[in-house]
Amino acid sequence: MGYPHPSHPKENPVLSKHFGDPEARSFDGWVKRGGYEALRKVLRMSPEAVVEEIKTSGLRGRGGAGFPTGLKWSLMPKADGRPHYLVCNADESEPGTFKDREIMRWTPHQLLEGCAIAAYAIGAERCYIYIRGEFTEPLKIMQQAIDEATAKGAVGANVFGSGKRIEMIIHRGAGAYICGEETAMLNSIEGKRGNPRIKPPYPAQAGVFGMPTTINNVETLAAVPHIIMRGGEWYKGLALGNPKSTGTKLISVCGHIQRPGNYEVTMGTPMKELIYEMCGGMRPGRTLKAVIPGGSSVPIMSAAEAEDCLLDYEGVVAKGSMLGSAGMIVMDDTTDMVYQIWRLARFYAHESCAQCTQCREGTAWSVRILERILTGKGKQEHFQLLLDLSDNMTGKTICVLSDSCAAPIVSGIQKFRHEFEAYIQGAREPAMAGV
Amino acid sequence: MSLTAGQGGSGAGSSGTPRGFAEHGSAHGGHGTETAPYERLFRGERLAQLEQLFTLYPTKQACLLPALWMIQEARGWISEPAIGEVAEVLGLTPAYVKGVVTFYTMYHTHPVGRHFIQVCTTTPCNICGAEDVVRALLEQTGCRELGATSPDGRFTVIEVECLGACGFATPILVDDDFIENVTPEKIAGILQRYE
């Protein structure tokens, strides 16, 4: 199930090349496809040279923030006698995003190889792979891959006879979106509630167990072996839009679309090509109303903004949103925007870790006000109330969960105000029964 | 309130009961007098497994989530005495462990049906008909309402936030089976597989 679609000619499959090929899952199958050559190559390089190669490539974090990966690695202290850690963020929970799951299901060794290279580069002997608890299948596949790679000497006490120790440990989450936030993840690994930490100190200074730590997303790490084998310059050249966004990007497309799925495109590919050519466009007789391009935490784009948007970090920002984790939620003209914005607010209210007042109260009250509107009890002053709440939820908390709740509310009111008005003025039947 | 495990040998003497542990169990268990004696999980092979986990982390506390998973896998849910046991083996307080247990949504703090069904209803699935899937599940399992267990004890159905398979709306988790592209029409066939 979930078998990937055949690659579209406009895609550029690098990471996804072997999706759907069950033989690529085994160690031998991966080696036959060129796997673990990059790790062998790296063992003959200095860690600094590895970091430089990644810097050259322009690779940026694929989890959502887009921070330059090479730079992140270079912030780790040099061998200082303390244990260093790598944490692989496989807590994929951002609504609309389902790319890391496919990487783990089809190419677990691609990820392990990337982890091992990153661990080598930052001087870590241990890598914790934090996989969300609901991902039962990826958990099983990744554990099998680790067992196999350990038995073959690709990871473990003596990586390919180099004398280097790089151990892979899976840490299973237990249901908490917030643990995808990197410092919440560190707490969760330590056996604590997943509350984000105040920064600084940054993880490179004091991360998991107080030690220097680098946290990278699954897709980021999976790109690393390809960059090592083909060179940073090659990766840097994969840019249709602008030189600040390089490489390929897995875009998860879902919602009202003919062919949902993961599409790997070169950075800078027009969103229109993805929606109408690769994904087969809208359902028959339907038109595009809105797109949330970067997972649910980014501002909603109107159909007009999606029209000439380029899919890279800067291209989506130019259209008032963010590429984020590139989980694209496509909504057609049947969508009740107020109801869906309420549903998103409910998500954030449920997932708030509750340590910051603005987030705990703000997300909960946003839900209640939107419910009033949907039950036909909305008032004009609710617009300002929602916007004031959102303002208090933006840039004022330890992490960005509450900002993420505000993003769809503020952009929704800006771009689809008439749909809120229809409920408030009684022109539209209440979507829910009053309490 | 009854505990899942209750093999006869559990009371093989009080030597296995940590100090203060029974107190905790009855203080929070509510129905102290009816509660069957709690059988420790971390003995013999399972204790060895846990000790193996200790080698993977620099602190014992880091084994808290894995230890709670072990309890839930063996017992179906995490009872107050189980919280006490985990606290004791990891050197934490029961209150701390409970704080962690209740933070994470996947740990059950009460017994659930033989098969636990989680349905994603977050926005991407919501616009693809997830609420219809929920309605059909509640009706066909006999659970009637979210969080309730069917009268035959077979199913419990809950709504969950994003399962991370938005392109395969609507995904559901039945126990550990991740099932994609579920529609109301497919539910009867799926439920048949779970007795």
**Prompt:** When segment B:167-179 is examined, which residues are found to be touching a helix residue (DSSP H, G or I) at 6+ places or on another chain (Cβ under 6 Å) and at the interface with chain A (Cβ under 7 Å from one of its Cβ atoms)?
**Reply:** B:Ala169, B:Asp176, B:Phe178
**Asked** Given (1) out of contact with any Lys or Arg (no Cβ under 7 Å at 6 or more places or on another chain); (2) surrounded by fewer than 23 Cβ atoms within 10 Å (Cβ to Cβ), where does A:Pro293 come up short, assuming only one miss?
**Response** (2)
**Complete:** Exactly one of A:Gly173, A:Gly133, A:Gly114, A:Gly96 is under 30 Å from B:Lys98 (Cα atoms), small (Gly, Ala, Ser) and buried (at least 24 other Cβ atoms within 10 Å of the Cβ), and that one is A:Gly173
**Request:** Looking only at segment A:65-84, decide whether some residue is modelled with pLDDT of 95 or more, under 25 Å from B:Leu163 (Cα atoms), among the charged types (D, E, K, R) and out of contact with any strand residue (DSSP E or B) (no Cβ under 8 Å at 6 or more places or on another chain).
**Result:** no
**Request:** Could you grab me the full set of residues in segment B:95-126 that are crowded, with 18+ Cβ neighbours inside 10 Å, facing another protein chain (nearest Cβ under 7 Å) and part of a helix (DSSP H, G or I)?
**Result:** B:Val100, B:Phe103, B:Thr123, B:Pro124, B:Asn126
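Can you tell which of A:Gly412, A:Gly378 is of a type outside the set (Val, Ile, Thr) and out of contact with any strand residue (DSSP E or B) (no Cβ under 9 Å at 6 or more places or on another chain)?
A:Gly378
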**Request:** Could you identify the single residue in A:Lys249, A:Lys272, A:Lys289 that is on the phi < 0 side of the Ramachandran plot, part of a strand (DSSP E or B), at pLDDT 95 or above and away from chain B (no Cβ under 14 Å)?
**Result:** A:Lys249
**Message:** If the requirement is being under 18 Å from A:Gly175 (Cβ atoms) and away from chain A (no Cβ under 11 Å), which of these qualifies: B:Gly164, B:Gly147?
**Reply:** B:Gly147
**Asked** Conditions: (1) assigned to a loop (DSSP other than H, G, I, E, B); (2) more than 14 Å from chain A (Cβ to nearest Cβ). B:Trp77 meets all but one. Number of the miss?
**Response** (2)
**Message:** Being aliphatic (A, V, I, L, M), in a loop (DSSP other than H, G, I, E, B) and more than 30 Å from B:Gly142 (Cβ to Cβ) is the requirement here; does B:Leu92 meet it?
**Reply:** yes
**Item:** Scan of segment B:168-195 for residues that are touching a residue at least 24 places away in the same chain (Cβ under 8 Å) and closer than 27 Å to A:Gln258 by Cβ, ordered by number
**Value:** B:Ala169, B:Thr170, B:Pro171, B:Ile172, B:Leu173, B:Val182, B:Thr183, B:Pro184, B:Ile187
**Asked** From A:Pro22, A:Pro4, A:Pro77, which residue is more than 27 Å from A:Gly255 (Cβ to Cβ) and either aromatic (Phe, Trp, Tyr) or in contact with a helix residue (DSSP H, G or I) (Cβ under 9 Å, 6 or more places away or on another chain) (or both)?
**Response** A:Pro22
**Asked** What number of residues in segment A:354-382 are over 16 Å from A:Arg343 (Cα atoms) and either surrounded by fewer than 18 Cβ atoms within 10 Å (Cβ to Cβ) or touching a Cys at 6+ places or on another chain (Cβ under 6 Å) (or both)?
**Response** 10
**Asked** Restricting attention to segment A:145-175, and to residues there that are over 25 Å from A:Met211 (Cβ atoms) and either modelled with pLDDT under 95 or under 24 Å from the mean Cα position of the chain (by Cα) (or both), which single residue is nearest to the other protein chains (Cβ to nearest Cβ)?
**Response** A:Gly175
**Request:** Among the residues of segment A:316-347, write down those that are surrounded by fewer than 24 Cβ atoms within 10 Å (Cβ to Cβ) and either in a loop (DSSP other than H, G, I, E, B) or more than 14 Å from chain B (Cβ to nearest Cβ) (or both).
**Result:** A:Val317, A:Ala318, A:Lys319, A:Gly320, A:Ser321, A:Met322, A:Asp333, A:Thr334, A:Thr335, A:Asp336
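Does A:Gly210 qualify as being out of contact with any strand residue (DSSP E or B) (no Cβ under 7 Å at 6 or more places or on another chain), within 12 Å of another protein chain (Cβ to nearest Cβ) and under 21 Å from A:Trp73 (Cα atoms)?
Yes; evaluated as a whole, the condition is true for this residue.
The values are calculated or read from the model by the stated rules, or taken from the named source; none is laboratory data. The structure displayed is predicted, hence computed values, not measured ones. Every residue, glycine as well, gets a Cβ built from its backbone with ideal geometry; the counts of neighbours run over all protein chains shown.
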